[in-house]
Amino acid sequence: MSEIIKQIRNQLLQLSEDAVRDSGSRFFKEEVKIYGVRTALVTKTAKEYWKIIKSSSKDEVFFLCELLWKSGYMEESGIACTWAYELRKQYTEDDFAIFEQWVNNYVSNWAACDTLCNHTVAAFIEAFPGYIDKLKEWARSENRWVKRASAVTLIIPARKGMFRSQIFEIADILLMDNDDLVQKGYGWMLKAASEFDSDDVFEYVLRNKKVMPRTALRYAIEKMPSEIRKAAMSKG
């Protein structure tokens, strides 16, 4: 099975472009490992090789995902996330430990965090809602990416109106975090919740705007009508 990984890496090297690598690096404050492959081509590669491995067992696929994550390359983590999400109908409760390990050990930038959590971890939480309490534990982590993960996992469920009370609980835990990427993460979560029903999100912002970082506040109200945004941003 590891031969597949070698083939993928060779293909990514062939598809890499210096200009894409240089421009991609500018999106991150931290150092990232990038081949320099356009996103559409990474997605195409993931789907191409998924056709080859989709008959494999879930354990075998997760093993390959682990190999991809360990490389540290952005494109490889993207392929791992695509494959893991393809297995969503096969998730069991035991899989949470695997996803949590990936978040703790391999996620080292906002893109990897969001790609994994928006889809794979979110699909797991929707299937096994009892694990929402684990996200509250993540929100109390010392790891900035784990904290961001606690919020961005709920982006898609929030748009469906799911986990309303827990979303505000997680926002409370992260409320005054001084990391801008954590602020953006929970602000994005609140914005997604506002797309389903903005009233309680607006009330939450008004109640907390004196202590809520402006970065998080701006994200949270971005989809609201202009007059509501003005009220939320006012210093009164």
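Descriptive notes on the structure:
- Qualifying residue in segment 120-136 (condition: under 30 Å from Arg21 (Cα atoms) and out of contact with any Phe, Trp or Tyr (no Cβ under 7 Å at 6 or more places or on another chain)): yes
- Any hit, segment 148-156, residues being farther than 30 Å from Ala232 by Cα, under 17 Å from the mean Cα position of the chain (by Cα) and open to solvent by 10 Å² or more (accessible area, probe 1.4 Å): no
- Taking segment 19-64 as the range and being farther than 20 Å from Asp114 by Cβ, loosely packed, with under 12 Cβ neighbours inside 10 Å and aliphatic (A, V, I, L, M) as the test, the residues that pass are Ala19, Ile52.
- Residue list for segment 180-227, filter: of a type in the set (S, T, N, Q) and in contact (Cβ under 8 Å) with a residue 24 or more places away in the chain: Gln183, Ser194, Ser198, Asn208, Thr215
- Check on Leu206, open to solvent by 10 Å² or more (accessible area, probe 1.4 Å), more than 18 Å from the chain's Cα centre (by Cα), among the hydrophobic types (A, V, I, L, M, F, W, C) and at pLDDT below 95: yes
- Filter result for Ala112 (more than 22 Å from Ile8 (Cβ to Cβ) and surrounded by 21 or more Cβ atoms within 10 Å (Cβ to Cβ)): no
- Hey, Glu126 farther than 25 Å from Lys29 by Cβ and in contact (Cβ under 8 Å) with a residue 24 or more places away in the chain or not: yes
- So Val152, is it in contact with a Cys (Cβ under 8 Å, 6 or more places away or on another chain) and closer than 19 Å to Val103 by Cα: yes
- Residue in segment 13-44 that is farthest from the chain's Cα centre (by Cα), counting only those that are among the β-branched types (Val, Ile, Thr) and farther than 23 Å from Lys89 by Cβ: Val20
- Residue match in segment 93-110 (condition: touching a residue at least 60 places away in the same chain (Cβ under 8 Å), assigned to a loop (DSSP other than H, G, I, E, B) and within 18 Å of the chain's Cα centre (by Cα)): yes
- Per this entry, Val107 is not counted among residues that are buried (at least 17 other Cβ atoms within 10 Å of the Cβ), farther than 26 Å from Ala192 by Cα and either touching a Leu at 6+ places or on another chain (Cβ under 8 Å) or modelled with pLDDT under 95 (or both).
- Contact annotation: residue pairs with Cβ atoms under 7 Å, 6 or more positions apart or on different chains, pairing a residue in segment 135-149 that is closer than 20 Å to Ala111 by Cβ with a partner that is open to solvent by 20 Å² or more (accessible area, probe 1.4 Å) and in a loop (DSSP other than H, G, I, E, B), are Arg144/Asp179; Trp145/Ser108; Lys147/Ser141; Lys147/Asp177.
The values are calculated or read from the model by the stated rules, or taken from the named source; none is laboratory data. From a predicted model like this one, the values you see are computed outputs, not experimental measurements. We place every Cβ from the backbone using ideal geometry, glycine too, and count neighbours over all the protein chains shown. What goes into the accessible areas is simple: the full protein's heavy atoms, side chains included, and nothing from ligands, DNA or RNA. Shrake-Rupley method; radii C 1.70, N 1.55, O 1.52, S 1.80 Å.
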